[in-house]
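Asker: To start, I am sharing the structure in question, which I have written as structure tokens.
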Amino acid sequence: MRQRLLVLASLRHLGGHPWLTALSLLGIALGVAVVVSIDLANASAMRAFEQSTDTVAGRATHQLVGGPAGLPESVYRDVRLLPEAPTAAPVVEGYVRARSGDRRTLTVLGVDPFAEAPFRPYMPRSGGRVDLNAFLTEPGAALLTRRAAQALGLDVGSTLDVGVEGVKRRLHVVALLEPEDEGSARALDSLVLTDISTAQEVLGQQGRLSRIDLKLPEGEAGEARLASLRPLLPEGAEVVRPRARGNAVEQMTRAFRTNLTALSLLALVVGTFLIYNTMTFSVVQRREQLGRLRAVGITRGELFAVVLGEAAVLGMVGTVAGLLLGVLLGRGLVELVTRTLNDLYLVVSVRGLSLEPFTLAKGLLLGLGATLVAALLPAWEAARSAPAVTLRRSVLEDVARRRAPRLALLGLGVLALGTGLLALPTPALLPAYGGLFSVLLGSALLVPWVTARLAGAAAAPLGRAFGLLGRMAARGVTASLSRTAVALAALMVAVATTVGVGLMVTSFRATVAEWLEASLQADVFISPPSLVTRRGGATFTPGLAEHLRATPGVAASTTIRTVQVRVDGVPTDLRSVDFGDTQVRPYRFKEGDPERVWKDWEAPDAVLVSEPFAFHRRVGVGGTVELATDKGPRRFRVVGVYFDYGSDAGTLLMPRSTYLHHFDDARVSGVALYAAPGQDVDALVTRVRERAGDTQALSISSNRALRETSLEVFDRTFTITHVLRLLAVGVAFIGVLSALMALQLERSREFAVLRATGLTPRQLWGLVSLQTGLLGVLAGLFALPLGVALAYVLVHVINQRSFGWTLQLLVDPGVLLQALGLALLAAGLAGLYPSWKMSRANPAMALREE
């Protein structure tokens, strides 16, 4: 019975303060929602890629792959003629962009229907609903699922226009596939099936195969078959497992996804401060009630359970709401994550949000766990205090002031620990994030002591400026240190996070802009459109690049070919450059003397590597790199390490002559033109467009336009970072609003006394505004140095260990002023409602004891 009454009293207390309870629930919900939405968006993007990979790979146990240009068709014939030939099927695979409907990216899969039975169950067969004669003989014949056709506005007999590296191609839908289940339908949603010859024509891979799928027995028999097969393979061919592709992509995008998750956790950290604030306020506000309960026999354990029970109720309701909100938020964020992946890493098409049970369970545990951890200290203090002590508010504030120096010493220790973790000579990210959160926690522990000192020092100048109200505002901050310190810590962490992330993005952008200025030396840049913005691996139609290089008004030109090669099993960008007649070398080196580097680079076994590649692979000048070439594995000497901010996975650079010697690929991905003296660049761009004609859609940009476009892509990739930053600030804003509102509402009796002794409503407004303004200034002053320190950690530790880039920290005064304004705004708004309420309240009613 007694327990039931305690529970009812607790719930009645929460219901009696609807605004504060609602703000607390909203803070928990937002904190959980940010974490869940990012996890769901990351998981959905990777799940979509895995489903696409598994669908295309089918039941293949191994894949025979070649270099950037794939495999000659003759390899399939040779494999089939081998003694004890394995079950095999040729495949041509590539990506196209639909020119109708939702303009989605589609995977073209060219197959031999007569070899497909052991591999892909959804393939058409003789005697089925698909007319194989039409599929094999009609020009451009293609198959789609009914679901994909509806999305594109197509039906049987319709024409599907697609773009391939700027070239228009036309396919004809001869039949629709009907997958057996919803999962298969979703996996086939972006798949276009054609026969081998049609895919070769559409993708411009005449006479080549993307790979050969193999099906080998499991266990020792399969390994023995594989061992006997390898010596008979053509030079440059390699046998890999289908899952290797997914593993490589997972490894390539791991740092990006990890950093998003870490940023989302900051929102939960700020939300934890909010829970602590809420529970502390609940305990402080009911100190008299709790004291009476202890006096009439309620045990410490029962009080502890009551406070934790309240936290559990708030945590459960807020977390469930956060899970629902996270799913809704994830639907928007998955588009941002997908767009960033397409800009930076790979082609991935996500048609919906995948609800991962593990992610939802993790969000539930994080929300409840953070709530209960935050409530432990208030619950413990409510239970440990003697009844007489609990009934006196002054005792609580005396304890807070006495504890402040000890917390400050503890904070210095935590800061020292964080600094030590950040200084560890390791590439691992976990110690770096541990150090980052230690710096945040250590700074928060310093807040009570510093607040007491600064508020005390502010009393005199505020008194000179605003008289008695100024001194009362400053001393009120110190008098309520147990409440103000926590609110300031929450606001400080949120604003510092804003400063740190803002300065990191600003520094990154400035570094990239400076790099682009040094790298883009040519006057005009030409390239076919690429589905992965950063990579630029699309190629010109044969002869077009040379035709454009001969444009009148061009003094010199260079060409570049970008391909992906396997380095230790990981797809890595390789660029081959033909500098032509120009002496311009637009590369800056982190390691190596430029004059010596360019001389050594001409050797047939030399390459340059980018800074991220050198960092991730632990290789520098004098080291070697093994590449899978069309002539088999070859080792190359590293003669220089250059700065490059186009790829966090790393790139390699070699002369075009070296590339042509090792790879059967004479295609060109980009052309850079240098205008002749006196030649107008805009006129040259127009002339190049006219010369290119309609053969192929090309991106033709001047130096200035390409820099602007590159920075637009950069800004787009950081859109999700800005969103997370705003969400973290939103959580903090709600937390500070509730904390400061609670603080001011808790002082209702004090304000009533002041009103009863002659303080006018206008003066009361002034007192509250001064105090909340002072809190905002203090939070801003605390946050600015902490934010700069966080930016330093993000730029020089987190980014360096995640991506391998060397960035220059730029402290932008605009970011600091915005953060200070944010702190003042949050604090100012927090005082509006209490000021309005108390200015309208009847002092006699407010003074009455319940």
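Asker: Name every residue in the stretch 622-638 that is assigned to a strand (DSSP E or B) and in contact (Cβ under 8 Å) with a residue 40 or more places away in the chain, in order of residue number.
Answerer: The answer is VAL625, GLU626, LEU627, ALA628, THR629, GLY632.
Asker: Same structure again: Please enumerate the residues belonging to the stretch 427-471 that are closer than 30 Å to TRP805 by Cα and among the hydroxyl-bearing types (Ser, Thr, Tyr).
Answerer: Correct list: TYR433, SER438, SER443.
Asker: For the stretch 613-643, which positions are of a type outside the set (A, V, I, L, M, F, W, C), over 30 Å from PRO231 (Cα atoms) and under 33 Å from the mean Cα position of the chain (by Cα)?
Answerer: HIS616, ARG618, GLY620, GLY640, TYR642 - these are the residues of the stretch 613-643 that are of a type outside the set (A, V, I, L, M, F, W, C), over 30 Å from PRO231 (Cα atoms) and under 33 Å from the mean Cα position of the chain (by Cα).
Asker: Tally time: how many residues in the stretch 451-470 are part of a helix (DSSP H, G or I) and open to solvent by less than 40 Å² (accessible area, probe 1.4 Å)?
Answerer: Residues in the stretch 451-470 being part of a helix (DSSP H, G or I) and open to solvent by less than 40 Å² (accessible area, probe 1.4 Å): 9 in total.
Asker: May I ask you to list the residues in the stretch 213-230 that are of a type in the set (A, V, I, L, M, F, W, C) and either exposed (fewer than 12 other Cβ atoms within 10 Å of the Cβ) or not in a strand (DSSP E or B) (or both)?
Answerer: LEU216, ALA221, ALA224, LEU226, ALA227, LEU229
Asker: Let me ask something else. Could you tell me whether any residue of the stretch 373-388 is modelled with pLDDT under 75 and hydroxyl-bearing (Ser, Thr, Tyr)?
Answerer: Yes.
Asker: Among (1) open to solvent by 10 Å² or more (accessible area, probe 1.4 Å); (2) aliphatic (A, V, I, L, M); (3) modelled with pLDDT of 85 or more, where does ALA432 come up short?
Answerer: For ALA432, the exception is condition (1).
Asker: Taking the stretch 646-657 on its own, how many of its residues are modelled with pLDDT of 85 or more and open to solvent by 10 Å² or more (accessible area, probe 1.4 Å)?
Answerer: Result for the stretch 646-657: 2.
Asker: Next question. Regarding the stretch 508-529, can at least one residue be identified that is surrounded by 21 or more Cβ atoms within 10 Å (Cβ to Cβ), assigned to a helix (DSSP H, G or I) and out of contact with any strand residue (DSSP E or B) (no Cβ under 9 Å at 6 or more places or on another chain)?
Answerer: Yes, the stretch 508-529 has at least one match.
Asker: Working only within the stretch 78-89, note down all residues that are within 14 Å of ALA237 (Cα to Cα) and either part of a strand (DSSP E or B) or open to solvent by 20 Å² or more (accessible area, probe 1.4 Å) (or both).
Answerer: Of everything in the stretch 78-89, just one residue is within 14 Å of ALA237 (Cα to Cα) and either part of a strand (DSSP E or B) or open to solvent by 20 Å² or more (accessible area, probe 1.4 Å) (or both), namely ASP78.
Asker: A further question follows. Under 9 Å between Cβ atoms, at least 6 apart or on separate chains: pull out the pairs that start in the stretch 454-481 with a residue that is under 18 Å from TRP765 (Cα atoms) and in contact (Cβ under 8 Å) with a residue 12 or more places away in the chain and end on any residue that is open to solvent by less than 50 Å² (accessible area, probe 1.4 Å) and among the basic types (Lys, Arg).
Answerer: Cβ pairs passing all conditions: GLY476/ARG747.
Asker: Another question about this same structure. What pairs come up if the first residue lies in the stretch 787-799 and is within 14 Å of VAL815 (Cα to Cα) and in contact (Cβ under 8 Å) with a residue 60 or more places away in the chain, the second is of a type outside the set (S, T, N, Q) and crowded, with 20+ Cβ neighbours inside 10 Å, and their beta carbons are under 6 Å apart, counting only those six or more places apart or on different chains?
Answerer: GLY787/ALA496; GLY787/VAL499; GLY787/GLY500; LEU790/ALA496; LEU790/GLY500; ALA791/GLY500; ALA791/LEU503; ALA791/MET504
Asker: For the stretch 605-624, which residues satisfy the criterion of being open to solvent by less than 10 Å² (accessible area, probe 1.4 Å) and among the hydrophobic types (A, V, I, L, M, F, W, C)?
Answerer: ALA606, VAL607, LEU608, VAL609, PHE613
Asker: Would you please name the residue that is modelled with the highest pLDDT, looking only at residues in the stretch 99-120 that are open to solvent by 80 Å² or more (accessible area, probe 1.4 Å) and assigned to a loop (DSSP other than H, G, I, E, B)?
Answerer: ARG99
Asker: Going by the conditions given, is GLY367 modelled with pLDDT of 75 or more, under 30 Å from MET316 (Cα atoms) and either open to solvent by less than 70 Å² (accessible area, probe 1.4 Å) or under 24 Å from the mean Cα position of the chain (by Cα) (or both)?
Answerer: yes
Asker: Taking the stretch 555-594 as the search range and keeping residues that are of a type in the set (Gly, Ala, Ser) and assigned to a loop (DSSP other than H, G, I, E, B), which one is nearest to GLY670 (Cα to Cα)?
Answerer: The qualifying residue nearest to GLY670 (Cα to Cα) is GLY580.
Asker: Here's something else I'd like to know. Taking TRP805 as meeting all but one of (1) in a helix (DSSP H, G or I); (2) out of contact with any Ser or Thr (no Cβ under 6 Å at 6 or more places or on another chain); (3) of a type outside the set (Val, Ile, Thr), write down the number of the exception.
Answerer: Only one criterion is unmet by TRP805, namely (1).
Asker: Taking SER443 and the conditions (1) open to solvent by 30 Å² or more (accessible area, probe 1.4 Å); (2) part of a helix (DSSP H, G or I), which numbered condition does it fall short on, given that it satisfies the others?
Answerer: (1)
Asker: Okay, moving on. In this structure, does THR539 turn out to be in contact with an Asp or Glu (Cβ under 8 Å, 6 or more places away or on another chain), part of a loop (DSSP other than H, G, I, E, B) and among the β-branched types (Val, Ile, Thr)?
Answerer: It is true that THR539 is in contact with an Asp or Glu (Cβ under 8 Å, 6 or more places away or on another chain), part of a loop (DSSP other than H, G, I, E, B) and among the β-branched types (Val, Ile, Thr).
Asker: Return the residues of the stretch 458-469 that are at pLDDT below 80 and within 46 Å of the chain's Cα centre (by Cα); say none if nothing qualifies.
Answerer: Listed by number, the list is empty, since nothing qualifies.
Asker: To continue, here is another question. Search the stretch 577-604 for residues being more than 26 Å from ALA676 (Cβ to Cβ) and open to solvent by less than 60 Å² (accessible area, probe 1.4 Å), and hand back the single one that is nearest to the chain's Cα centre (by Cα).
Answerer: My answer is PHE589.
Asker: Within the set of pairs 6 or more residues apart or between chains, which connect a residue that is hydrophobic (A, V, I, L, M, F, W, C) inside the stretch 210-221 to a residue that is part of a loop (DSSP other than H, G, I, E, B) and modelled with pLDDT of 80 or more with Cβ atoms less than 8 Å apart?
Answerer: LEU214/ALA60; LEU214/THR61; LEU214/PRO86; LEU216/THR61; LEU216/PRO86
Asker: Only one of VAL641, VAL619, VAL597 is in a helix (DSSP H, G or I) and more than 16 Å from GLY70 (Cα to Cα); which?
Answerer: After ruling out the rest, the residue left standing is VAL597.
Asker: Give the number of residues within the stretch 545-560 that are under 27 Å from GLY94 (Cβ atoms), in contact with a Leu (Cβ under 9 Å, 6 or more places away or on another chain) and open to solvent by less than 10 Å² (accessible area, probe 1.4 Å).
Answerer: Count: 1.
Asker: Here are some residues: GLY500, GLY537. Which one is in contact (Cβ under 8 Å) with a residue 40 or more places away in the chain, of a type in the set (Gly, Ala, Ser), at negative phi and open to solvent by 20 Å² or more (accessible area, probe 1.4 Å)?
Answerer: On inspection, the qualifying residue turns out to be GLY537.
Asker: Further, regarding this structure: Working only within the stretch 658-698, note down all residues that are buried (at least 20 other Cβ atoms within 10 Å of the Cβ), part of a loop (DSSP other than H, G, I, E, B) and small (Gly, Ala, Ser).
Answerer: The answer is SER669, and nothing else.
The values are calculated or read from the model by the stated rules, or taken from the named source; none is laboratory data. Just so you know, these numbers come straight off a predicted model, no measurement behind them. Note: ideal-geometry Cβ built from the backbone for every residue, glycine included; neighbour counts use all protein chains shown. Ligands, DNA and RNA are excluded from the accessible area calculation, which covers all protein heavy atoms including side chains. Shrake-Rupley method; radii C 1.70, N 1.55, O 1.52, S 1.80 Å.
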